[in-house]
1. Between Glu9 and Ala213, what's the calculated FRET efficiency when r is the beta-carbon distance and R0 is 41 Å? Round to 0.05.
2. So which of Lys113/Lys150; Lys99/Lys208; Lys117/Lys237; Lys117/Lys150 end up more than 22 Å apart by C-alpha?
3. Grab the Cα-Cα distance for Asn115 and Asp133, subtract it from 0.36 nm times how many residues apart they are, and report the gain in nm with one decimal.
4. Positive end of the charge dipole of the range 105-214 (Lys, Arg +1 and Asp, Glu -1 on Cβ, about the Cα centre): tell me which of Val128, Phe197, Val139 has its Cα farthest that way.
5. Compare the peptides 97-106, 150-159 by average per-residue count of other Cβ atoms within 10 angstrom and give them in order, highest first.
6. Could you give the length gained by full extension between Ala54 and Glu154, i.e. 0.36 nm per residue of separation minus their alpha carbon distance, to one decimal place?
7. If r is the Cβ-Cβ distance from Ala104 to Lys78 and R0 is 30 Å, what FRET efficiency results, to the nearest 0.05?
8. Quick one: if you stick a label point 7 Å off each Cα along the C-beta vector at Ala249 and Ala267, how many nm between them?
Amino acid sequence: MRNSTAERELRSIDGYAAAATGVLLIAGAVLTFVLAPGAGGGWGVGFRALLPIAGVFILVGLYMLQPNEAAILTLFGKYAGTDRTEGLRWANPFYVKRKMSLRARNLNAPTLKVNDKRGNPVEISAVVVWRVDDTARAVFDVDDYENYVKVQAESALRHLATQFAYDEGEDLAPGESTLRSGEVAIAALKTELQQRFDDAGVVVEDAKLSHLAYAPEIAQVMLRRQQAEAIISARSKIVHGAVSMVEQALKGLSEREIVVLDDERKAAMVSNLLVVLCSDKDTQPIVNTGTLYS
């Protein structure tokens, strides 16, 4: 089983004080050589020669961190800790310091061609906002955390497309979510991305689908299917409304006793009203100057 590396804090020293100390050591050594070159004999000269070396040694340990930036420090290959304190800092000069940005980053995943839950080829892409949370995992548990995030995001996007249908249909259960319905699919994408990014110490801030469409080879067929479904839905509403209007008309005539119609005339009236109400084209009125039975 692979051992996971956890980030631990390293407390650095104020860099300004360390810088001042290093400069004073170098300046003091120069001044003593200038003002009293032979003072103290051989031991004095040797001690004064160590002062600039100590000053340079201290200055080598200086480094600077910007806001939302961290330094990962290692000592002879061993992880020593992570410093997140911004400003001029000082740590053991033997530490190897690797700086890392903790700012939020955008990943615009490439458009992928995959099959949805129905097996229809679709094109899908997403924009992922992420940032490094655990610097030790990002550096030591994966080889290249930026490439790791990119590859795992594409893999999660492919898996998401297979879990949901592109849009609603009769073959889906009532209330079942689709890629086009949005929120449930987005929540599933965020959850899977976070599970995949945990090994690299990365946190998902946000994720949204940026492109979703049928593949070109079936786009026209699916467009006609959607148009047919829209026409059927519209026709169903029109017929339902027309039947309600005819029912109200017959009920009103009967209650007010405006005219008494037998079953045959009622059927003819219903037929005529439905034709008028459900027709795509304007109907031409015909004036009957005779009786109902002529």
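None of the figures in this text is laboratory data; all of them are computed from the coordinates on show. As the structure is a computational prediction, the values presented were derived from the model and not from experiment. Here the Cβ positions follow ideal geometry from the backbone for every residue, glycine too, while neighbour counts run over all protein chains shown.
1. Plugging the Cβ-Cβ distance into 1/(1 + (r/R0)^6) gives 0.30.
2. Lys99/Lys208; Lys117/Lys237; Lys117/Lys150
3. Going from the current span to full extension adds 3.1 nm.
4. Val128
5. Per-residue mean Cβ counts within 10 Å order the peptides as 150-159, 97-106.
6. Gain on extension, Ala54 to Glu154, equals 30.8 nm.
7. 0.50
8. 1.8 nm
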